[in-house]
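The structure under discussion appears below in the form of C-alpha cells.
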Amino acid sequence: MSDLTEIIITVSLLVGGFLLIFSTYIFGVCKNKSHNNFIIFNTLLMIYDWFFYIIFTILYFFFSLPYISVMIIFNFMLTVTILRREINNNEQFRTWFQEHRVFCIFIAFCSLGNLNILHVLNCKFNYMDIFDAKLSSTAEKKIIHASVISLIIGDIPRFYLLTYINLNSEFSAIPMTSLFLTLLVLFFGFFYRLYESMIRNYENPTIQELVISKKQFSEA
C-alpha cells in the first residue's frame, strides 16, 4: 500500500478508537459524576493499545519478543499474586469473582499489557455490579506500586522499540498506531499516577480486611 493509504488507515484507527473511548467516558460522566470515570477511559485506552501491540508483536516477532516477554512474565506474576490474595482473603471479592469469573479473567489477560487495568474491577462504572469487585486497600496499593515497576521494565522499553521501528522502516499503519497509542497511555498514565498519589487515600484498611484480620487472629 502507498504511504497515503497507510496514513489514512493510521488516522482512522486513532481517531475512531479515541472517539469510541471518549464517548464511553462521557456516558459514564453523565450517568454518575461522583465516581472516577477517568479509570474507564484510561482502561479502554490501555486495552486498545494492548490489542495493537499484540498485532505489532506478531508482525515484528523477533524485534519485540525480548521486550514483551519480560513485561508479560512480570505482569502475569503480579496479577496472579494480587487476585489470588483477594480471592483467599477478601470475602466480598471472592463472592464477586464467582459471579463474574469470565470478566475477571479477561481483565487479567489485558493487565499483562498494563497492570493499571486492574483498577477497572473496582471503578463502579455506571453503578454496574461487574465493575464493583471491592478490591481491598492492600490490593489497590500493590497495583499502584507494581505499575511503577512495570512502567520502567515494560512501557518505556516498548516505547523505545516502537520509536526505533518507525524511524528505521517504511511507514506502516500498525507500528505507527501502536506508537501513538503507547505515547497516549504513558501521557494519561502519568496524570493518573499523580491522581493516585495526591488525591486517593488508601491508608485506611477496608472493613472486610479488619474482619478477616480479627478472624485469623482468633483462629491463631
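The values are calculated or read from the model by the stated rules, or taken from the named source; none is laboratory data. Being a predicted model, the structure only gives us computed values, none of them experimental. Heads up, the Cβs are rebuilt from the backbone with ideal geometry, glycines too, and the neighbour counts pull from every protein chain shown.
Please verify whether Leu14 is surrounded by fewer than 17 Cβ atoms within 10 Å (Cβ to Cβ) and part of a helix (DSSP H, G or I), treating the condition exactly as stated.
Values: surrounded by fewer than 17 Cβ atoms within 10 Å (Cβ to Cβ): no; part of a helix (DSSP H, G or I): yes.
Judged against the criteria, Leu14 is not a match.
If I go through region 108-143 residue by residue, how many of them are aliphatic (A, V, I, L, M) and closer than 13 Å to Asn42 by Cβ?
Of region 108-143, the ones aliphatic (A, V, I, L, M) are 108, 112, 115, 117-118, 120-121, 128, 130, 133, 135, 139, 143.
Next, only the ones that are closer than 13 Å to Asn42 by Cβ stay: 115, 117-118, 120, 143.
Looking only at that region, the number is 5.
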### Query
What do you reckon, is Phe56 over 30 Å from Glu170 (Cβ atoms), surrounded by 13 or more Cβ atoms within 10 Å (Cβ to Cβ), among the aromatic types (Phe, Trp, Tyr) and touching a residue at least 24 places away in the same chain (Cβ under 8 Å)?
no
### Summary
Just one listed residue, out of Phe93, Phe131, Phe97, is more than 16 Å from the chain's Cα centre (by Cα) and crowded, with 20+ Cβ neighbours inside 10 Å, and it is Phe93
### Task
Filter region 24-47 for residues that are aromatic (Phe, Trp, Tyr), crowded, with 18+ Cβ neighbours inside 10 Å and over 21 Å from Ala146 (Cα atoms) and give the result.
Tyr25
### Message
When you scan region 54-69, do you find a residue that is at pLDDT 90 or above and under 20 Å from Ile152 (Cβ atoms), even just one?
### Response
no
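Would it be correct to say that Phe103 is touching a helix residue (DSSP H, G or I) at 6+ places or on another chain (Cβ under 7 Å) and either of a type in the set (A, V, I, L, M) or modelled with pLDDT under 90 (or both)?
Numbers: touching a helix residue (DSSP H, G or I) at 6+ places or on another chain (Cβ under 7 Å): yes; either of a type in the set (A, V, I, L, M) or modelled with pLDDT under 90 (or both): no.
Judged against the criteria, Phe103 is not a match.
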